[in-house]
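A short worksheet on the structure shown next.
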Amino acid sequence: MSVVLETTIGDLTIDLFIKERPHSCKNFLKLCKLKYYNFCLFHHVQSNFVAQTGDPTGTGSGGQSVYGILSGKDARYYEGEKKPKIKHDRPGLVSMVNCGDNLIGSQFFITLGEDTTCSLDEHIVFGEIAEGHDVLLKLNETICDATHRPYQDIRITHTVILEDPYSDPDGLIVPCQSPEPPLEVLQSDRIGADEDITEDIDIEELEEKRQEKEAQARATILEIVGDLPSADIAPPENVLFVCKLNPVTSDDDLQIIFSRFGKIVSCEVIRDKKSGNSLQYAFVEFDNQKSCEDAYLKMDNVLIDDRRIHVDFSQSVSKIKWLGKGRGVKYTDKDDEGKNISDKYSKYRNKKRDSYDSRNNYIKNKISTHDSKRYRKDDKNYRYRESEKEERVPYTKYRRNEKDDNRRREDKTRTNFRNEGERKTDRNERDGKNEKDDKNRRSNRDDRDKRSNRGDRTQRSDRHNRDSRR
């Protein structure tokens, strides 16, 4: 029973030891059937020792058996066969990686040395390379870093099962076609497997080449998310980025300081849109590249307004769209095509300033117009109210005077009686005075009645005496 592994450097044909390792062979065949190994990286290669793969994450700590895929994380590993014992005594043997306690997942390795029995005794051999020994030689000669990770991007691209004697476990769904390569594979920072790398190349050159590829991958990601118009675009070479500024430093100050290196097209300190406070960095655009380079060499770490500034070349390309190699650039605004960067930025800033001025003037005019209308309206209402007052002077005046008298009387009462005790004393005195007045009035009325009765009796007696004399 055989399986063909198609890799980026060639094909490998593996003969499986079905009789000696039935469980390991079944796990390997079903993972190949699920296309689990497609795009798996050879993440660990040691010359004359082993080449390890089978981890979809490419880190060496991932992967799971087919039982883990079907049943969950609890069945991530299975127990491998210990007998019969097969030694790692020749190149080309294929073994499942023992993850500890004889637990097997999906990772496997291929031996590259003659005798590696002592160090690989715990791992389980389940097959042997029947065809593709030239590919093993390429794997053995690949250049790796200090962690035995190849600089080249060597991966399994496809697996082909020539014959499968095992029945599929319950729940196994076989994909109808090979999966699409993931984004990590397309944007890998490693050197392509089709690129020519020999032993004559210096390690530093390889590292520099790898870093360039990594930078290209990052630029591709920025292009995908929309931060860059193109991954191959370069920022302008006549613009400086200045940071660590003092908040009090203004555009004019920077322009005066940097103008000694050449003509400055624009100088702008970036400010907060709401508060207008300086964000403590700026962009200075020169007329030519040489002036920009001179300012970069001499102005870094210079003291400005008690602050040590930092100067670097600007990396901003947000206003530029690249048309391709040799075809130049164009701007995001169609009206600015073919113009200089400085003209574009200056026009943008002037347009922005004009819009701010026009908006402020509009607001001022609107406020003044609104105020004048309000004042005229208030004046009209005031005159109307005054005319109404003149028509109703007697009644209004009388009512207002009466209300004012009541209010003054209440205020006087509150002023005279500061607390409840004084108020009670005054009330008692007032009651006593009222009783005395009532008593006096009653006594006066009694006296008056007595006098009237006395007068009546006198008159009657006088009348009686006159009658008796007659």
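The values are calculated or read from the model by the stated rules, or taken from the named source; none is laboratory data. Remember, it's a predicted structure, so these values are computed and weren't measured experimentally. Cβ: placed from backbone, ideal geometry, glycine included. Neighbour counts: every protein chain shown. Protein only, heavy atoms only, side chains kept; ligands, DNA and RNA dropped before computing areas. Shrake-Rupley method; radii C 1.70, N 1.55, O 1.52, S 1.80 Å.
Odds and ends about this structure:
- Projecting the Cα positions of G100, L120, G171 onto the charge dipole of segment 47-181 (unit charges on Cβ atoms of Lys, Arg, Asp and Glu, taken about the Cα centre) puts G100 furthest along the positive direction.
- Shape class for segment 109-187: oblate, because the ratio a/c of the largest to smallest gyration tensor axis (alpha-carbon atoms, square roots of eigenvalues) is 1.5 or more and b/c is at least a/b.
- Taking 0.36 nm per residue of separation and subtracting the Cα-Cα distance, full extension of the segment from D287 to R442 would add 44.1 nm.
- Here the accessible area of segment 14-134 is 47 percent carbon and sulfur, with a 1.4 angstrom probe and all protein chains present.
- Exposure ranking of D153, D251 by accessible area [1.4 Å probe, largest first]: D251, D153
- The order of the peptides 211-218, 155-162, 433-440, 90-97 by mean Cβ neighbours within 10 Å, most packed first, is 90-97, 155-162, 211-218, 433-440.
- Highest average first, the peptides 168-181, 302-315 ordered by how many other beta carbon atoms sit within 10 Å of their residues are 302-315, 168-181.
- Here the calculated FRET efficiency for I173 and E208, from their Cβ-Cβ distance with R0 = 30 Å, stands at 0.10, rounded to the nearest 0.05.
- Estimated FRET transfer efficiency when R0 is 35 angstrom, pair I270-H158 (beta carbons, to 0.05): 0.10
- Which listed pairs, of K35/K138; K19/K82; K35/K85; K33/K87; K26/K82; K35/K73, have C-alpha distances above 22 Å, in listed order: K35/K138; K35/K85; K33/K87
- Inter-label distance, T8 to K83: 4.4 nm, where each label sits 7 Å from its Cα along the C-beta direction.
- Extending 7 Å from the Cα toward the beta-carbon at both R409 and K73 defines two label points whose distance is 8.9 nm.
- Using R0 = 35 Å, the C-beta based FRET efficiency linking N48 and L222 works out to 0.25.
- The C-alpha radius of gyration of segment 129-169, expressed as a fraction of 2.2 N^0.38 Å, stands at 1.68.
- Scattering profile of segment 91-141 at q = 0.26, 0.28, 0.30, 0.32 Å⁻¹ [log10 I(q)/I(0), Debye over alpha-carbon scatterers]: -1.04, -1.13, -1.20, -1.27
- Each listed q (0.14, 0.24 Å⁻¹) maps to a log10 I(q)/I(0) for segment 238-278, found by the Debye formula over equal Cα scatterers with no solvent: -0.33, -0.88.
- Ranking C40, C144, C118 by solvent-accessible area of protein heavy atoms (1.4 Å probe, all protein chains present), from largest to smallest, gives C118, C144, C40.
- Ordering Y36, Y77 by accessible surface, largest first, gives Y77, Y36; the 1.4 Å probe counts only protein heavy atoms, with every chain in place.
- Among 127-136, 104-113, the peptide with the highest mean count of other Cβ atoms within 10 Å heads the list, and the full ranking is 104-113, 127-136.
- Calculated on alpha-carbon atoms, Rg and Dmax of segment 29-117 in Å: 13.3, 39
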